[in-house]
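Worksheet for the structure shown next.
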């Protein structure tokens, strides 16, 4: 397989099972409530523009995805900023450039919508994901994520 056999397209509601399946393979746990909420916002809300993409091989099988949101003024964030909140590549297709292809298409799509900056959060202990984002031109932001345990 080369990258020419992979097609990147906008995510559809029908991709739910494939996205859930990839996520389950990657994390070894099922998160239906999370994806039900994400797909609800993506496909039923009028407040979000379509930004999520899937990587599909010639057979039509979804082998990766990237999900994000374009905020419309929430939390003082203007439309020029978006988030990337979930990315997954089927473990059987790792190290084939699919993740980078998804990121590049995601950025190009957002740029066409007027976005100038994309934010994401990564657990600093997840060195693989930190390395992946760094290799794809993400860098630490100037903001600090604060938290408080309860």
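The figures follow:
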quantity	calculated
Helix-only [θ]222 nm of the chain, DSSP H runs n ≥ 4, -39500 (n - 2.57) each, per residue, nearest 500	-10000 deg cm²/dmol
Segments 52-60, 89-97 sorted - mean Cβ within 10 Å per residue, highest first	52-60, 89-97
Two-site FRET efficiency, residue 112 against residue 30, from Cβ-Cβ distance with R₀ of 25 Å, rounded to 0.05	0.15
Per-residue Cβ neighbour rank within 10 angstrom, fewest leading, 63, 118	118, 63
Projected-area average for the chain over all orientations - Cα convex hull basis, square nanometres	10.0
Most to least packed among 19-30, 134-145 [average Cβ atoms within 10 Å]	19-30, 134-145
Helix 32-44 axis, angle to the chain major axis (alpha carbon atoms, nearest 10°)	80
FRET efficiency estimate (nearest 0.05) - Cβ-Cβ, residue 146 to residue 104, R0 35 angstrom	0.65
Full-extension gain in nm, residue 126 to residue 41, via 0.36 nm per residue minus C-alpha separation	27.9 nm
Shape call, region 96-150: gyration tensor on alpha carbons, a/c limit 1.5	oblate
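None of the figures in this text is laboratory data; all of them are computed from the coordinates on show. Bear in mind that the values here come from a model prediction, so they are computed numbers and not experimental data. So basically every Cβ, Gly included, is an ideal-geometry build from the backbone, and we count neighbours across all protein chains shown.
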